[in-house]
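> Take this structure, written in structure tokens, and hold onto it; I'll ask about it next.
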């Protein structure tokens, strides 16, 4: 998928009009190829956990209900709360990624203009002004990245503490209600919660995150692919079409000449058990 999207972007670059090239800098195109195309590839690694996770939750409910009845709703309820939190984080990731990409494109565009006009910048001693401008843009970009990393840390904390918190809530409630449980249920519950933490909390989170990145990347690539293109030069195409039309007419003329040639005698075939002869 990454190679396919990169090929689409490359073929679009070759057909861009001068107006589109002026509005879309080379740094933004590089960002599309290096960042957005790779995000699309990562989406397909975890996309199936979006429908696998609800099935696993239903299976765990059936398993826990067999042993502890309504106490199982505590573990399931905490799991559903985490999934809702992950979904809300996904919406925040959409907003943050759009902001980060906008600031990154702005920084890359200004850097490209500075590099292209380096002699003019040196001539008028504009180094300090452009340095302050790039520094302010980079500062905004780092703040956005820091806030996103903070959300990643919260997600990681909720993921790694899922088993411990679920056990504390589950067995604490059973101890308060004086419900007996054996080691068999303890071992099976630990295995089930560990598997849920891996497939539902971790992989489902990755699926939501990469799906959000895919939607943002697809929108940016779609905007680029819908830019105006140059008009195609049909002169070479028209010449080849004239040659093809001339050769087609010549072949039709030859076929008509062959059909109009009178034949002295129609060909016949003589065949028996001893000999075979072609008579023209």
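The values are calculated or read from the model by the stated rules, or taken from the named source; none is laboratory data. Small disclaimer: the values here were computed from a predicted structure and weren't measured. Every residue, glycine among them, receives a Cβ derived from its backbone with ideal geometry; neighbour counts consider all protein chains shown.
> Do we have residue 50 as over 23 Å from residue 140 (Cβ atoms), modelled with pLDDT of 80 or more and either touching a helix residue (DSSP H, G or I) at 6+ places or on another chain (Cβ under 9 Å) or not in a helix (DSSP H, G or I) (or both) here?
Values: over 23 Å from residue 140 (Cβ atoms): yes; modelled with pLDDT of 80 or more: yes; either touching a helix residue (DSSP H, G or I) at 6+ places or on another chain (Cβ under 9 Å) or not in a helix (DSSP H, G or I) (or both): yes.
Taking the combined requirement at face value, the residue satisfies it.
> Any residue that is touching a helix residue (DSSP H, G or I) at 6+ places or on another chain (Cβ under 9 Å), surrounded by 15 or more Cβ atoms within 10 Å (Cβ to Cβ) and closer than 24 Å to residue 87 by Cβ - is there at least one of those in segment 175-192?
For segment 175-192, residues touching a helix residue (DSSP H, G or I) at 6+ places or on another chain (Cβ under 9 Å), surrounded by 15 or more Cβ atoms within 10 Å (Cβ to Cβ) and closer than 24 Å to residue 87 by Cβ: present.
> If residue 128 passes every condition in (1) within 24 Å of residue 222 (Cα to Cα); (2) modelled with pLDDT of 80 or more but one, which one does it miss?
It is condition (1) that residue 128 fails.
> Please state which one of 32, 80, 42 is part of a helix (DSSP H, G or I), modelled with pLDDT of 75 or more and over 21 Å from residue 2 (Cα atoms).
On the way: 32 fails: over 21 Å from residue 2 (Cα atoms); 42 fails: over 21 Å from residue 2 (Cα atoms).
None of the other options fit; the residue is 80.
> Sticking with this structure for a sec: Would you check if there is a residue in segment 21-29 being surrounded by fewer than 14 Cβ atoms within 10 Å (Cβ to Cβ) and outside any helix (DSSP H, G or I)?
no
> When segment 5-35 is examined, which residues are found to be farther than 18 Å from residue 113 by Cβ, in contact with a helix residue (DSSP H, G or I) (Cβ under 9 Å, 6 or more places away or on another chain) and without any contact (Cβ under 8 Å) to a residue 40 or more places away in the chain?
Once the filter is applied, which keeps residues that are farther than 18 Å from residue 113 by Cβ, in contact with a helix residue (DSSP H, G or I) (Cβ under 9 Å, 6 or more places away or on another chain) and without any contact (Cβ under 8 Å) to a residue 40 or more places away in the chain, segment 5-35 yields 6, 10, 13, 33.
> Go through (1) in contact with a helix residue (DSSP H, G or I) (Cβ under 9 Å, 6 or more places away or on another chain); (2) at pLDDT 80 or above; (3) closer than 30 Å to residue 22 by Cβ and name the single condition residue 166 misses.
(3)
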